[in-house]
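Some notes on the structure that comes next.
The values are calculated or read from the model by the stated rules, or taken from the named source; none is laboratory data. Since the model is a prediction, treat every value here as computed from it, not as a measurement. Please note: Cβ atoms are built from the backbone with ideal geometry, for glycine as well, and neighbour counts cover all protein chains shown. The accessibility values were calculated without ligands, DNA or RNA, using every heavy atom of the protein model including side chains. Shrake-Rupley method; radii C 1.70, N 1.55, O 1.52, S 1.80 Å.
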Amino acid sequence: MTNSFVLKGDILWSRTPQDMTICENQYVVCEDGVCAGVFPTLPERFASLPVHDYTGKLIIPGLVDLHAHAPQYAFRSLGMDLELLDWLDTQTFPQEARYADPDYARRAYTLFVDDLRRSSTTRAVLFGTLHVDATLTLMGLLEDSGLITRVGKVNMDRNSPDCLREESAAASLAATRQWLDGCRDFTRSRPILTPRFIPSCSDALMEGLRDLQRETGLPVQSHLSENQGEIAWVSELCPDSTGYGDAYDRFGLFGGDGCPTIMAHCVWSDEAERARMKQNGVFVAHCPQSNVNLSSGIAPVRAFLNEGLSVGLGSDIAGGVHLSMLRAIADTIQVSKLRWRLQDASLAPITLPEAFYLATRGGGAFFGKVGAFESGFEFDALVLDDAMLPCPFDLSPLERLTRVVYLADDRAVAHKYVSGLKLM
Ligand code: GUN
Ligand code: FE
């Protein structure tokens with residue numbers, strides 16, 4: 001078994017948002033791609049496995065990016081002085097239209113996948129564009145990278161320019177089936193149904209996607225309650241809905257049995273919307289950097305945690321400009337402090353262990369048993385080398401991880417394992 005081995009080092013992982021387990025100079029065992037536990041001394045039954053000695057380095061579960069737009073990586077940082085709807089119209093839609101050209105798509109997606117492969121991200125849930133061929137190109141590159149991903153061909157048949165709009169609901173659904181056919185044999189890069197957001201999708205398209213979801217059991221991703229201008233538009237478009245979440249729920253595309261769903265942002269989700277998400281098991285992808293860049297606001301992550309919602313972190317490339325989930329951890333903490341100080345003193349700031357939990361186990365749960373070094377979890381791990389951050393006094397493993405989060409970047413990733421496969 002080539003993917004059975006032992007890593008030795010300073011091992012940190014989360015049991016709960018508040019409870020971080022820190023195992024200094026210990027062994028974590030991977031048996032056939034699955035974690036067999038963490039041990040202070042190596043049990044006899046694992047004595048025949050190869051031991052990779054990373055003494056002095058940090059070993060953490062892989063980081064999960066629950067929401068990013070692969071085609072937007074190319075133009076990250078451009079046009080950041082706009083709010084969401086103007087940014088979509090003037091930057092995003094024209095940029096995504098370029099992916100009609102297969103050569104452009106391959107070049108741009110190669111740059112993205114090369115960087116994602118070297119990053120601290122082990123798993124990601126991605127938007128592509130509405131183009132079938134380009135999205136299959138992206139999935140092919142991801143499949144070969146060894147990363148584990150869910151990728152969506154975007155559905156959009158209204159309220160966007162001619163260059164980036166499907167002709168009709170029927171045409172969008174036919175293209176979706178063609179795409180699903182094209183990625184049938186992929187094992188590590190798998191599909192997720194992706195209505196862009198309510199303003200982009202006609203009622204007929206949403207109904208067709210619901211039928212397709214029921215037929216295939218595929219998960220769903222979209223955007224929810226991100227920005228005030230967007231929310232006002234949705235209430236105009238859906239006068240009969242009680243809210244934005246309800247506008248998805250009416251079409252049966254808001255979680256519930258057999259319909260795993262991620263909603264990105266949820267900055268302005270009120271108590272009723274959050275209660276519906278909790279009831280339906282909808283995952284929140286919290287995207288702190290994007291919500292700053294597009295002046296969307298700060299999501300109430302403390303309320304999500306208090307209320308028991310499932311939450312992970314997203315880079316939201318290119319609303320967010322940084323691919324690194326280490327940066328998303330720091331951003332989560334920092335924006336939560338501003339929210340607490342300026343907006344709502346009843347919701348305490350997010351701590352480093354909590355943000356670390358969200359980036360590992362929180363988002364990992366969307367993929368199953370992922371994001372912790374508990375026995376039976378898929379073996380996703382990063383070996384972090386913090387030698388580039390010398391310090392004149394002694395540091396605990398948690399202090400060293402904190403410094404990597406705030407001071408380092410993805411160059412600190414020395415080795416990376418995804419479901420037992422060594423990527424670097
Ligand atoms: N809502 C609909 N499309 C998008 C997008 O591409 N990015 C963000 N941040 N929000 C969206
Ligand atoms: Fe997004």
Using a Förster distance of 60 Å, the FRET efficiency for Glu236-Thr55 (Cβ separation, nearest 0.05): 0.50
Candidates Ala365, Ala169, Ala232: whichever shows maximal mean-square fluctuation once the chain is modelled as a Gaussian network with Cα springs under 10 Å: Ala232
Amide H partners (placed H, <5 Å) of Thr121, local residues excluded: Met325
Separation between Cα centres of segment 8-76 and segment 369-424, rounded to whole Å: 7 Å
Selection from Gly128, Ala169, Phe112 lying farthest towards where the dipole of segment 73-213 points positive, charges on Cβ: Phe112
Under 15 Å, Cβ to Cβ, from Met156 - net charge with Lys/Arg +1 and Asp/Glu -1: -4
For segment 293-305, Karplus couplings with θ = phi - 60° (6.51, -1.76, 1.60), whole Hz, Gly/Pro x: 4, 9, 6, 7, x, 10, 5, x, 4, 4, 5, 4, 5
Gyration tensor verdict on segment 273-424 (Cα atoms; rounded if a/c is under 1.5, prolate if a/b is larger than b/c, oblate otherwise): oblate
Prolate/oblate/rounded label for segment 101-256 (Cα gyration tensor, a/c 1.5): prolate
Spacing of the two label points (7 Å from each Cα toward its C-beta) at Glu271 and Phe39, in nm: 5.1 nm
Count of lysine pairs in the chain with Cα separation under 25 Å (8 or more residues apart, or interchain): 11
For segment 266-322 and segment 198-250, distance of Cα centres in Å: 17 Å
Full-stretch length increase - Glu307, Arg214 - with 0.36 nm per residue and alpha-carbon distance subtracted: 30.7 nm
Whether the chain is rounded, prolate or oblate, judged on the alpha carbon gyration tensor where a/c under 1.5 counts as rounded: prolate
Sequence of Lys416, Lys8 from largest to smallest accessible area, 1.4 Å probe: Lys8, Lys416
The chain: angle of helix 203-216 to the longest principal axis, Cα-based, in degrees nearest 10: 40 degrees
Value of relative contact order over the chain, rounded to a whole percent, pairs C-alpha under 8 Å and six or more apart: 21 percent
Candidates Arg184, Arg411, Arg339: whichever shows maximal mean-square fluctuation once the chain is modelled as a Gaussian network with Cα springs under 10 Å: Arg184
Unit charges on C-beta of K, R, D, E only; dipole of the chain, Debye: 820 debye
Integer Hz, Karplus 6.51/-1.76/1.60 couplings in order for segment 219-232, x for Gly and Pro: x, 10, 9, 6, 10, 9, 6, 8, 9, 4, x, 5, 5, 4
Nearest 10 degrees, 0 to 90: helix 271-280 Cα axis against the chain principal axis: 70 degrees
Gain on full stretching of the segment that runs from Ser77 to Leu423 - 0.36 nm per residue minus C-alpha separation: 121.8 nm
Net charge of Cβ neighbours under 12 Å - reference Ala134; Lys, Arg +1; Asp, Glu -1: 0
HN-Hα J in Hz across segment 20-37 - Karplus 6.51, -1.76, 1.60, θ = phi - 60°, x for Gly and Pro: 9, 9, 10, 10, 6, 6, 10, 10, 10, 10, 10, 10, 6, x, 10, 5, 9, x
